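Here's the structure, in structure tokens; my notes come after.
The values are calculated or read from the model by the stated rules, or taken from the named source; none is laboratory data. Keep in mind that what you see is a predicted model, and the values were worked out from it rather than measured. Here Cβ is always computed from backbone atoms with ideal geometry, including for glycine, and neighbour counts include all displayed protein chains.
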């Protein structure tokens, strides 16, 4: 059974504007799938539909065998098991780093304060930020904040991770520190769906690449096939622009 | 130029000015703030609710109140309230509400409109991404509001609420139109009785200035202390 199944998903923002057109794909357990495409192609929207942060009008999305599109009451519980990392980090600015990491654990998972703290420190150590536990998000650099955001997702023991352009709001010198954490996660066998323009990352760790344009999944191929000989003109055009220098 | 000023009139009238005038001014400010905040919260919640009827009502209420001069509202309520009271309890005669009760109700209703807008702006100032991040870690609507949105909104709106209260403190002087003895009203009465207009009005101005300036100073300090590092 695949971890994530997206089947014939369509979404309209209003009757005139369709953001997702009949999208179908799957993500197997342990697989790393990179979603790329020009801006406005619906990649971010697609990844947000996976944990129902964006509702869809047509189609079905299954996560770990559960239908997300029809789920209501158990949605928070499912979301807590799907880690999400946002483009603009979205750490809670009024809480210290360690409190950011404990909030979900204590409220959603019902862990004790001590257990949550211990887990938080463990994950902070993993992303190399234990020294910053008592600081506020605004005191950290963008790269550090994004690593905290990854840790905030990891403390919930997620079954899979969604990344929505995790490096596109970062200064160039901070991109690698975030990608390093992600590469490590991928190597450990975490199921990941990553919207990104970082083709180096895709080449290094992705199993598959999904190329989207104008709300459609234009190409869904094994990594080597995609970079070696993309079938569609649109993907070729996109790659020629993004890889030219 | 100040040589023929009579400062003694100020000393003589101090007990009257403060024990009667200022006490009323502060009482009205406090009551209108507390009840204005409670009512304002309700209106803000209505405004942000998904029900078109509730939000429509809230929008109309706020727009109506903000489009009328406060003096006019004070007058309107003073003259209308007896008839509204009569209609509600189906009495034979207009209900005698009195100037005090009337002003308290007026200021509460008027300030509620302003406070509700401050709260709505405060809640809406929290970026949508924050709400999404809250949902993404598994919080439900209530938990997102309580742990993510409101703590941030509160920090954004607290200084504005205090500033609005300072404005309200000054606006209470408008009750002079109903001949109520607030601080300015008391000063005005002494001024006319003793023919010492300049002294009394200058003194009243000084008192308002000192209180409002000090309060603003503390609001600024508070703002620095509670603001979120971004």
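For every residue, the table says whether it meets (1) touching a residue at least 40 places away in the same chain (Cβ under 8 Å); (2) within 14 Å of chain B (Cβ to nearest Cβ); (3) surrounded by fewer than 20 Cβ atoms within 10 Å (Cβ to Cβ); (4) not in a helix (DSSP H, G or I).
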{"residue": "A:150", "(1), (2), (3), (4)": "yes, yes, no, no"}
{"residue": "A:162", "(1), (2), (3), (4)": "yes, yes, no, yes"}
{"residue": "A:170", "(1), (2), (3), (4)": "no, no, no, yes"}
{"residue": "A:180", "(1), (2), (3), (4)": "no, no, yes, no"}
{"residue": "A:194", "(1), (2), (3), (4)": "yes, no, no, yes"}
{"residue": "A:203", "(1), (2), (3), (4)": "no, no, yes, no"}
{"residue": "A:210", "(1), (2), (3), (4)": "yes, no, no, yes"}
{"residue": "A:234", "(1), (2), (3), (4)": "no, no, yes, no"}
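Which count do you get for residues in segment A:66-83 that are more than 26 Å from residue A:106 (Cα to Cα) and in contact (Cβ under 8 Å) with a residue 12 or more places away in the chain?
Selection size over segment A:66-83: 1.
Does residue B:133 satisfy the condition of being within 7 Å of chain A (Cβ to nearest Cβ) and in a helix (DSSP H, G or I)?
Yes, satisfied.
Only one of A:137, A:158 is within 13 Å of chain B (Cβ to nearest Cβ) and in contact with a strand residue (DSSP E or B) (Cβ under 8 Å, 6 or more places away or on another chain). Can you tell me which? Break it down into steps so the answer makes sense when it comes.
Details: A:137 fails: in contact with a strand residue (DSSP E or B) (Cβ under 8 Å, 6 or more places away or on another chain).
Every option except A:158 fails the conditions.
Quick one: in segment B:145-169, which of the residues that are modelled with pLDDT of 95 or more and farther than 16 Å from residue B:116 by Cα is farthest from the other protein chains (Cβ to nearest Cβ)?
Only one residue tops the list, namely B:169.
Could you count how many residues in segment A:95-104 are in contact with a helix residue (DSSP H, G or I) (Cβ under 8 Å, 6 or more places away or on another chain) and either at pLDDT below 95 or more than 9 Å from chain B (Cβ to nearest Cβ) (or both)?
Qualifying residue count for the region: 5.
Looking only at segment A:56-84, which residues are over 21 Å from residue A:20 (Cα atoms) and within 10 Å of another protein chain (Cβ to nearest Cβ)?
A:73, A:75, A:76, A:77, A:78, A:79, A:80, A:81, A:82, A:83
Take residue A:128 and tell me if it is buried (at least 18 other Cβ atoms within 10 Å of the Cβ) and either within 12 Å of another protein chain (Cβ to nearest Cβ) or outside any helix (DSSP H, G or I) (or both). I'd like the intermediate steps shown before the answer.
Details: buried (at least 18 other Cβ atoms within 10 Å of the Cβ): no; either within 12 Å of another protein chain (Cβ to nearest Cβ) or outside any helix (DSSP H, G or I) (or both): yes.
Spelling it out, it is not the case that residue A:128 is buried (at least 18 other Cβ atoms within 10 Å of the Cβ) and either within 12 Å of another protein chain (Cβ to nearest Cβ) or outside any helix (DSSP H, G or I) (or both).
Only one of these conditions is not met by residue A:142: (1) without any contact (Cβ under 8 Å) to a residue 12 or more places away in the chain; (2) within 13 Å of another protein chain (Cβ to nearest Cβ). Which number is it?
(1)
Report the residue count in segment B:145-163 for those that are crowded, with 18+ Cβ neighbours inside 10 Å and without any contact (Cβ under 8 Å) to a residue 24 or more places away in the chain.
2
Determine if segment A:109-121 includes at least one residue that is under 16 Å from residue A:146 (Cα atoms), within 8 Å of another protein chain (Cβ to nearest Cβ) and either within 22 Å of the chain's Cα centre (by Cα) or at pLDDT below 95 (or both).
Scanning segment A:109-121 turns up no residue that is under 16 Å from residue A:146 (Cα atoms), within 8 Å of another protein chain (Cβ to nearest Cβ) and either within 22 Å of the chain's Cα centre (by Cα) or at pLDDT below 95 (or both).
Just to be sure before I move on: is residue B:91 more than 24 Å from residue B:33 (Cβ to Cβ) and in contact with a strand residue (DSSP E or B) (Cβ under 6 Å, 6 or more places away or on another chain) in the structure I sent?
Judged against the criteria, residue B:91 is not a match.
What residue, of B:225, B:230, is in a helix (DSSP H, G or I), at pLDDT below 90 and within 26 Å of residue B:118 (Cα to Cα)? First the steps, then the outcome.
Values: B:230 fails: in a helix (DSSP H, G or I).
The conditions single out B:225.
For every residue, the table says whether it meets (1) modelled with pLDDT of 90 or more; (2) closer than 17 Å to residue B:184 by Cα; (3) touching a helix residue (DSSP H, G or I) at 6+ places or on another chain (Cβ under 7 Å).
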site: B:9; (1), (2), (3): no, yes, yes
site: B:17; (1), (2), (3): yes, yes, yes
site: B:28; (1), (2), (3): yes, yes, yes
site: B:59; (1), (2), (3): yes, no, yes
site: B:71; (1), (2), (3): yes, yes, yes
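How do the helices (runs of 4 or more DSSP H) wholly within segment A:1-119 filter down when requiring 2 or more residues that are over 22 Å from residue A:164 (Cα atoms): which remain? Before you say what the answer is, go through the steps one by one.
Working: elements: A:43-50, A:75-81, A:97-107.
Filter on segment A:1-119 gives A:97-107.
So which residues in segment A:33-63 are more than 20 Å from residue A:79 (Cα to Cα) and buried (at least 19 other Cβ atoms within 10 Å of the Cβ)?
A:34, A:35, A:36, A:37, A:41, A:42
Per-residue answers, yes or no, for (1) crowded, with 18+ Cβ neighbours inside 10 Å; (2) touching a residue at least 40 places away in the same chain (Cβ under 8 Å); (3) touching a strand residue (DSSP E or B) at 6+ places or on another chain (Cβ under 6 Å):
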residue: B:143; (1), (2), (3): yes, no, no
residue: B:165; (1), (2), (3): yes, yes, no
residue: B:189; (1), (2), (3): yes, no, no
residue: B:195; (1), (2), (3): no, no, no
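Return yes or no: is residue B:125 touching a helix residue (DSSP H, G or I) at 6+ places or on another chain (Cβ under 7 Å), surrounded by fewer than 21 Cβ atoms within 10 Å (Cβ to Cβ), within 14 Å of chain A (Cβ to nearest Cβ) and at negative phi?
Working: touching a helix residue (DSSP H, G or I) at 6+ places or on another chain (Cβ under 7 Å): yes; surrounded by fewer than 21 Cβ atoms within 10 Å (Cβ to Cβ): yes; within 14 Å of chain A (Cβ to nearest Cβ): yes; at negative phi: yes.
The answer is yes for residue B:125.
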